[in-house]
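What follows is a set of notes on a single structure, which appears directly below.
The values are calculated or read from the model by the stated rules, or taken from the named source; none is laboratory data. Only a predicted model underlies this, so the values are computations on that prediction, with no experimental measurement involved. Neighbour counts are summed over all protein chains in view; Cβ atoms, including those assigned to glycine, are modelled from backbone coordinates with ideal geometry.
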Amino acid sequence: MIVLIGGAPGVGKSMVAYQLARELGLLRLIDLDVLRDILRIQCREKDDPILFCNALNAWELHGPFSESTVRAGFQAHVRPLVGATFRLVDSYLNTGKSAIFHGVGLLPSQMARYRQRGVQAVIVAASDEASYRERFIEKHRTRTGLMPAQVRIDAGWILHRQIVAEARDCGLQIIAENTPAQAVAQVMRRLRS
């Protein structure tokens, strides 16, 4: 069984993935941020500055903050990750290994390609803007102990809307629950059906 869990930064993908792995008893939980770290080791920041950004600040290399620069920065940032991500997913499929993959590099358009191969693909989302902002702030505070910059929260919300819209267009399941436990329960119902 292969499960792909995508979504915007800060929405709770990792928490859902960890809880789902525990529920399913799967030992292979692949955090795709590790791929970005491996790619960073193989080059220098001055040669590939977009790779050394993250999904929420890549817009800075594209001009002043706006919806279009946030989207352009995100696309540029994840472009090298997408190829590596889906080569890894393909290798697991080809060898029959089970795993849960989670990360922002799991773009809905790419995830949709795997439906006919029996892969379960879901997008974790917030039910509304206030819920997204609350999750993002809580995650950031938990990790850093600090309040995130408003521009990062705004960039995250722009990306959330973009990813959810793309997921709808691709016919992917969108899970917009209030807690990770509720999201995991919804994924489990889907896996059992």
Review point. Filtering the stretch 30-75 down to residues that are in contact with a Phe, Trp or Tyr (Cβ under 7 Å, 6 or more places away or on another chain) and in a loop (DSSP other than H, G, I, E, B), which residue is nearest to GLN150 (Cα to Cα)?
Key: PHE65
Revision key, fill the gap. Here the residues within the stretch 76-95 that are surrounded by fewer than 19 Cβ atoms within 10 Å (Cβ to Cβ) and within 13 Å of the chain's Cα centre (by Cα) are VAL82
Review point. What is the number of the single condition among (1) crowded, with 20+ Cβ neighbours inside 10 Å; (2) among the aromatic types (Phe, Trp, Tyr); (3) out of contact with any Leu (no Cβ under 9 Å at 6 or more places or on another chain) that PHE101 does not meet?
Key: (3)
Check your understanding: Does ALA58 satisfy the criteria of being farther than 21 Å from VAL124 by Cα, in contact with a Gly (Cβ under 6 Å, 6 or more places away or on another chain), at pLDDT 90 or above and hydrophobic (A, V, I, L, M, F, W, C)?
Key -> yes
Point to revise | Residue list for the stretch 9-29, restricted to those being in contact (Cβ under 8 Å) with a residue 12 or more places away in the chain, closer than 20 Å to VAL119 by Cα and not in a helix (DSSP H, G or I) | key: LEU26, ARG28, LEU29
Practice item. Answer yes if at least one residue in the stretch 36-50 is touching a His at 6+ places or on another chain (Cβ under 9 Å) and more than 16 Å from PRO9 (Cα to Cα), and no otherwise. Key: yes
Exercise for review: Considering only residues that are hydrophobic (A, V, I, L, M, F, W, C) and outside any helix (DSSP H, G or I), look in the stretch 109-145 and name the one that is farthest from ALA99 (Cα to Cα).
Suggested key: ALA126
Point to revise | Scope the stretch 105-142; condition farther than 22 Å from MET188 by Cβ and surrounded by fewer than 18 Cβ atoms within 10 Å (Cβ to Cβ); matching residues | key: SER109, ARG113, GLN116, ASP128, GLU129, ALA130, GLU134, ILE137, GLU138, ARG141, THR142
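Residue-by-condition table, conditions (1) surrounded by 15 or more Cβ atoms within 10 Å (Cβ to Cβ); (2) free of Cβ contacts under 8 Å to residues at least 12 places away in the same chain:
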residue	(1), (2)
ASP31	yes, no
PHE52	yes, no
ALA55	yes, no
HIS62	yes, no
SER68	no, yes
PHE74	yes, no
LYS97	no, no
Review point. Does ILE41 satisfy the criteria of being more than 13 Å from the chain's Cα centre (by Cα) and surrounded by fewer than 23 Cβ atoms within 10 Å (Cβ to Cβ)?
Key: yes
Exercise for review: Test GLY145 against the stated conditions and say whether it is surrounded by fewer than 18 Cβ atoms within 10 Å (Cβ to Cβ) and over 30 Å from ILE2 (Cα atoms).
Suggested key: yes
